[in-house]
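Please read the structure below before turning to the comments.
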Amino acid sequence: MDNPPADPDPSSSDVSDTEETDIAERTDLPPQVQPKVDRLLQLRQRLHKSTEENRRQVYQEHQRTHENPSDQRRQARKRREAEILQQKEQHTGDYERSRFKDYSIEKVEAYEEKQAQRAENVERGFTDYSQVNRRKYDRDVAKLKPDLAAYQQRTEAGESHVPDPKNVERLVKSVEVQQKKRAALHKPSIEQEGEDVSYINERNARFNRKMNRAYDKYTKEIKDNLERGTAL
């Protein structure tokens, strides 16, 4: 006769349930263990907070790398124009006149002068090199910000004009910057003295020199015959 199956040990099931329960959720821990459990909870909270902060920073960095500053400025300008248009529609009377009430006469005149100067500096397409050079000269002079009124007064009074050493230093630095830009745009010639020009750019020239080092000893006679016109 078969023996009946033994009853499961209740203590073993309790042990397994205890092992599966998170230690932070258990209420049967001895008092001396509770400080360590509290420390564990604090570390978990710090880990969760740092993980969320890292994700937020990664997302912000991703957004910055995919943003175009010019597009942002264009969108900001469009928002300002839309706000001004909305204010014009809601305003009764002369809107521009009401806006000038918030500014002094000096600020309004400076703003109008800046707008007029900006309109003059707008590129109107290429006409001739003299006009391009003139615009470039005007922009460079505007960057230096010379005191043209004082210079004109001294000239009309017949006085000799002695420039300020600081202004001279600024002019020298400006010329050096322009020379560096010009040197970067105009690279020196890659042609070497006594070399046959058989390339179209610097990369092609390097390739041809490597080929010559490897095969000149085999093709020199053929090249000489071609130059003399005696090749068969």
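The values are calculated or read from the model by the stated rules, or taken from the named source; none is laboratory data. All of these numbers come straight from a predicted model, not from anything done at the bench. Every residue, glycine among them, receives a Cβ derived from its backbone with ideal geometry; neighbour counts consider all protein chains shown. Ligands, DNA and RNA are excluded from the accessible area calculation, which covers all protein heavy atoms including side chains. Shrake-Rupley method; radii C 1.70, N 1.55, O 1.52, S 1.80 Å.
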*asked:* At 1.4 Å probe size, with the rest of the protein present, what percent of the exposed accessible area of the stretch 33-162 is carbon and sulfur atoms?
replied: 51
_Can you compute the modelled spin-label distance between ARG97 and GLN57, with each label point 7 Å from Cα toward Cβ, in nm?_
5.7
*Around GLN153, with a cut-off of 10 angstrom between Cβ atoms, what is the net charge of the other residues, counting Lys and Arg +1 and Asp and Glu -1?*
-2
*asked:* What does the extension gain come out to for ASP22 and ARG79, with contour length at 0.36 nm per residue minus their alpha carbon separation?
replied: 15.2 nm
*Around PHE100, with a cut-off of 10 angstrom between Cβ atoms, what is the net charge of the other residues, counting Lys and Arg +1 and Asp and Glu -1?*
+1
_In Å², and per residue, what accessible area does the stretch 50-185 have when probed at 1.4 Å with the other protein chains present?_
93
